[in-house]
Amino acid sequence: MKYYIAYGSNLSVSQMAYRCPDAKIVGRAILHDWKLVFRIHATIEPEIGSTVPVLVWKISDSDEQRLDRYEGFPKYYVKETLPVNVTGLRSGKQKELNAMVYIMAKGRPIIPPNMEYYGIIMEGYKRFGFDTSILKDAFSDAFLGIPTEPEPEPEYGHKYPAGF
């Protein structure tokens, strides 16, 4: 078993139950000096002074393999390990631990998400009592980042997966 940090659509309890049947919620945490960004899909990027609320899950090796496929690891998202101070949902007790997180591979342009994807993340924010202004700001910022000319496709021809 290992710990996994979710900040995007994996805040959805029903989606995680489907994708990762062994997963259990450990608690909530805040990533300090990270910012939520949309590059069609959610990612986090270092930014001094910013914060991102996250949900921490305990997952099995088979759950991680399923997440790897879902997240397009290692081409679409890469994995890092970050320290987090987790607060239990029921107990309110805090525990410091290291957890794996998916971060989008470099080179993807800022692009707003579709409304269904955004809605799934918003539902998670509300369910777990996260500050929705962080999500709304990331959504607004994605519209500010739209290039006036279309970005060229990457040389290897990778398209963003539908429903990803």
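Descriptive notes on the structure:
- Residue list for the range 66-84, filter: more than 14 Å from the chain's Cα centre (by Cα) and of a type in the set (D, E, K, R): 66, 69, 75
- Test: residue in the range 67-77 that is outside any strand (DSSP E or B), free of Cβ contacts under 8 Å to residues at least 24 places away in the same chain and acidic (Asp, Glu): yes
- Odd one out for residue 10 among (1) assigned to a strand (DSSP E or B); (2) in contact with a Leu (Cβ under 9 Å, 6 or more places away or on another chain): (1)
Okay, residues lined up against (1) more than 24 Å from residue 120 (Cα to Cα); (2) surrounded by 15 or more Cβ atoms within 10 Å (Cβ to Cβ):
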residue: 43; (1), (2): no, yes
residue: 54; (1), (2): no, yes
residue: 64; (1), (2): no, yes
residue: 69; (1), (2): no, no
residue: 76; (1), (2): no, yes
residue: 83; (1), (2): yes, no
residue: 86; (1), (2): no, yes
residue: 89; (1), (2): no, no
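- Just one of (1) outside any strand (DSSP E or B); (2) in contact with an Asp or Glu (Cβ under 6 Å, 6 or more places away or on another chain) fails for residue 118. It is (2).
- Pairs, first more than 20 Å from residue 137 (Cβ to Cβ) in the range 95-118, second buried (at least 16 other Cβ atoms within 10 Å of the Cβ) and among the charged types (D, E, K, R), C-beta under 7 Å, six or more apart: 102/71
- Complete set of residues in the range 91-115 that are surrounded by 11 or more Cβ atoms within 10 Å (Cβ to Cβ), basic (Lys, Arg) and outside any strand (DSSP E or B): 108
- Selection within the range 119-146 - in contact with a helix residue (DSSP H, G or I) (Cβ under 8 Å, 6 or more places away or on another chain) and without any contact (Cβ under 8 Å) to a residue 12 or more places away in the chain: 126, 132
- Any hit, the range 145-152, residues being modelled with pLDDT of 95 or more and either small (Gly, Ala, Ser) or on the phi > 0 side of the Ramachandran plot (or both): no
- Between 11, 89, the distinction of being under 18 Å from residue 119 (Cα atoms), touching a strand residue (DSSP E or B) at 6+ places or on another chain (Cβ under 8 Å) and not β-branched (Val, Ile, Thr) belongs to 11 only.
- So residue 95, is it among the basic types (Lys, Arg) and under 15 Å from residue 57 (Cα atoms): yes
- Test: residue in the range 31-41 that is within 18 Å of residue 138 (Cβ to Cβ) and assigned to a loop (DSSP other than H, G, I, E, B): yes
- Any hit, the range 20-28, residues being farther than 15 Å from residue 130 by Cα, crowded, with 19+ Cβ neighbours inside 10 Å, under 15 Å from the mean Cα position of the chain (by Cα) and among the β-branched types (Val, Ile, Thr): no
- Among (1) closer than 23 Å to residue 113 by Cβ; (2) touching a residue at least 12 places away in the same chain (Cβ under 8 Å); (3) among the hydrophobic types (A, V, I, L, M, F, W, C) - the single one residue 59 does not satisfy: (1)
The values are calculated or read from the model by the stated rules, or taken from the named source; none is laboratory data. Bear in mind the structure is a predicted one, so any value in this text is a computation, not a measurement. Because the Cβ atoms are built from the backbone with ideal geometry, glycine has one as well, and the counts that use them run over all protein chains shown.
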